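Just so you know, all these numbers are worked out from the coordinates, no wet-lab data involved. These numbers come from a predicted model, not from an experiment. As a convention, Cβ positions derive from the backbone with ideal geometry for all residues, glycine included, and neighbour counts pool all protein chains shown.
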Amino acid sequence: MSGFFDSEIVRESINELDRLQEKLFSEMFYVPFFDNESKREHLNTMREFLEKQKLLVFRISLSDDSQAVEMKEKIIESAKMFGLEDNQSINAFFDQMEKSIKNLEETLDT
């Protein structure tokens with residue numbers, strides 16, 4: 001590991017992201033059968049995951065560590081699979097995802 005990833009804070013952040021991602025994936029196929037409260041909890045987990053992603057990308061952006069730069073490139077490539085456009089910043093993409101979560105929450109209230 002490089003210096004950036006030797007940081008305990010960074011390692012804990014990545015571990016938490018892994019845990020949340022695993023939880024989201026394990027629930028993915030069951031969400032249509034959830035009651036509204038469970039759906040709301042799932043959306044809260046999605047929001048928490050997004051916030052932690054934003055923080056990690058911010059930390060990575062401040063680093064000139066070669067592995068951190070490589071990870072940021074991989075994150076951007078992965079985001080393209082979820083709708084990040086070539087001319088769109090990763091922060092604008094995160095904002096778009098946050099709005100999508102909010103819109104989903106609003107549909108639960110109707």
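Under the convention that each Lys and Arg Cβ holds +1 and each Asp and Glu Cβ holds -1, the size of the dipole of the chain around its Cα centre is about 80 debye. Only helical runs count toward this figure. For the chain, summing -39,500 (n - 2.57) over DSSP H runs of n ≥ 4 and dividing by all residues gives -26000 deg cm²/dmol at 222 nm. Local charge for S7 was computed over the other residues whose Cβ lies under 13 Å away, with Lys and Arg +1 and Asp and Glu -1, and equals -2. Of all lysines in the structure, the ones whose alpha carbon falls short of 17 Å from that of K74, not counting any fewer than 8 places away in one chain, are K52, K54. Between D35 and Q88, the modelled labels are 3.5 nm apart [label points 7 Å from Cα along Cα→Cβ]. Summing +1 for each Lys or Arg and -1 for each Asp or Glu among the other residues whose beta-carbon sits under 12 angstrom from that of F94 gives +1.
On full extension, the segment bounded by I76 and F5 gains 23.7 nm, given 0.36 nm per residue less the C-alpha separation. Treating each Cα of the stretch 25-110 as one equal point scatterer and applying the Debye formula with no solvent, the log10 of I(q)/I(0) at q = 0.11, 0.21 Å⁻¹ comes out as -0.38, -1.04.
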